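Novice: Dropping the structure in here first, questions after.
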Amino acid sequence: ESGRQRLRFESLEISTPPDLGTLTVNGDIGYTTNAVHRARVFSNGSSVFDVNGNFSVNGTLEVVFDTEFLPSDGQSFTIVECNLLSGTFNGIRTVGAPGYTASVTYLTNQIQVTVHEPVTDFNAFVNETFDISDLLNLEIVGIGADPDKDGIVNFFEYLAGSSPLVPDLQDFKFS
């Protein structure tokens, strides 16, 4: 089509508006593994990245919670709308709500984030995180195991509220 450009980013950080609002891109867009997509979540909704074209997802999703807001377990937000979606994020991290995690649902033309409250004990963390077929394998679910090979063992992943199945992109410091 005339006037449409395909964008492909090697290193990009996209932040949706700092309040409820929409960042719109007219045309196709594609992320690579170094891209970071930052979505903001509020008590009354989320900011939305609207692609008037096709969106090829990759990289890391960072979900930023408003400072005055702690979401309910299972609460969902639409963070991306597009004509046609392909790919998945290869990592997800949350900011602003310690211990909270998020899962992603990929639809044909939307990305939705569902928020999960912190798990309050390690056994519940293991049961909610790992497949039932892995629960008897201590090399995967053990307190000192590191199934994603990022150097952070399951117990510290539990304390940090991160996933032991997705390599972490940042250093954790515990005091």
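Novice: Where residues in the stretch 1-29 are of a type in the set (D, E, K, R) and open to solvent by 40 Å² or more (accessible area, probe 1.4 Å), which of them is modelled with the lowest pLDDT? Step through it out loud before you land on a result.
Specialist: Kept after step one, since they are of a type in the set (D, E, K, R), are these residues of the stretch 1-29: 1, 4, 6, 8, 10, 13, 19, 28.
With the extra rule that they be open to solvent by 40 Å² or more (accessible area, probe 1.4 Å), the set shrinks to 1, 4, 6, 8, 10, 13, 19.
Numbers: Glu1: 41, Arg4: 53, Arg6: 56, Arg8: 56, Glu10: 54, Glu13: 52, Asp19: 61.
Among those residues, the one meeting the criterion is Glu1.
Novice: Out of the stretch 30-46, which residues are buried (at least 16 other Cβ atoms within 10 Å of the Cβ) and among the polar types (S, T, N, Q)?
Specialist: Within the stretch 30-46, Ser46 is the sole residue that qualifies.
Novice: Can you name the number of the only condition in (1) buried (at least 17 other Cβ atoms within 10 Å of the Cβ); (2) part of a strand (DSSP E or B) that Ser162 fails?
Specialist: (2)
Novice: Ok, one more. How do the pairs read when you match residues in the stretch 19-46 that are within 18 Å of Thr78 (Cβ to Cβ) with residues anywhere that are charged (D, E, K, R) and open to solvent by less than 60 Å² (accessible area, probe 1.4 Å), using Cβ under 6 Å and keeping only pairs 6 or more apart or on different chains?
Specialist: Here the result reads Thr22/Asp50; Thr24/Asp50; Arg38/Glu62; Phe42/Asp66, each pair linking the stretch 19-46 to a residue that is charged (D, E, K, R) and open to solvent by less than 60 Å² (accessible area, probe 1.4 Å).
Novice: Identify all residues within the stretch 89-100 that are surrounded by 19 or more Cβ atoms within 10 Å (Cβ to Cβ) and over 13 Å from Ser163 (Cβ atoms); write none if there are none.
Specialist: The answer is Ala97, and nothing else.
Novice: Identify the single condition in (1) closer than 15 Å to Val113 by Cα; (2) at pLDDT 85 or above that Asn58 does not satisfy, given that it satisfies every other one.
Specialist: The failed condition is (1).
Novice: While we're on this one: Show the residue pairs meeting these rules: Cβ distance below 9 Å; 6+ apart or different chains; first residue within the stretch 123-145 and closer than 12 Å to Phe155 by Cβ and assigned to a loop (DSSP other than H, G, I, E, B); second residue open to solvent by 40 Å² or more (accessible area, probe 1.4 Å) and among the charged types (D, E, K, R).
Specialist: The qualifying pairs are Ala145/Glu139.
Novice: Scanning the stretch 106-124 for residues that are closer than 13 Å to Gly161 by Cβ and under 14 Å from the mean Cα position of the chain (by Cα), which turns out surrounded by the most Cβ atoms within 10 Å (Cβ to Cβ)?
Specialist: It comes out as Val115.
Novice: Is it fair to say Glu68 is part of a strand (DSSP E or B), more than 25 Å from Phe156 (Cβ to Cβ), among the acidic types (Asp, Glu) and without any contact (Cβ under 8 Å) to a residue 40 or more places away in the chain?
Specialist: Answer is no for this residue.
Novice: Also, quick follow-up: Within the stretch 149-159, work out how many residues are closer than 23 Å to Ala97 by Cα and either open to solvent by less than 30 Å² (accessible area, probe 1.4 Å) or outside any helix (DSSP H, G or I) (or both).
Specialist: Looking only at that region, the number is 5.
Novice: Could you count how many residues in the stretch 125-141 are closer than 20 Å to Gly99 by Cα and either open to solvent by less than 30 Å² (accessible area, probe 1.4 Å) or among the charged types (D, E, K, R) (or both)? Walk me through how you get there before you give the answer.
Specialist: Looking only at the stretch 125-141, we keep the residues that are closer than 20 Å to Gly99 by Cα, and these are 125-130, 141.
From the residues that got through so far, the ones that are either open to solvent by less than 30 Å² (accessible area, probe 1.4 Å) or among the charged types (D, E, K, R) (or both) too are 125-126, 128, 130, 141.
Residues that pass the stated criteria total 5.
Novice: Related question: From the list Ser86, Ser103, pick out the single residue that is of a type in the set (Gly, Ala, Ser), under 21 Å from Phe125 (Cβ atoms) and open to solvent by 20 Å² or more (accessible area, probe 1.4 Å).
Specialist: Ser103
The values are calculated or read from the model by the stated rules, or taken from the named source; none is laboratory data. Just so you know, these numbers come straight off a predicted model, no measurement behind them. FYI the Cβ positions are ideal-geometry reconstructions off the backbone, even for glycines, and counts take in every protein chain you see. Remember, those area values only see protein heavy atoms, side chains included, never the ligands or the DNA or RNA. Shrake-Rupley method; radii C 1.70, N 1.55, O 1.52, S 1.80 Å.
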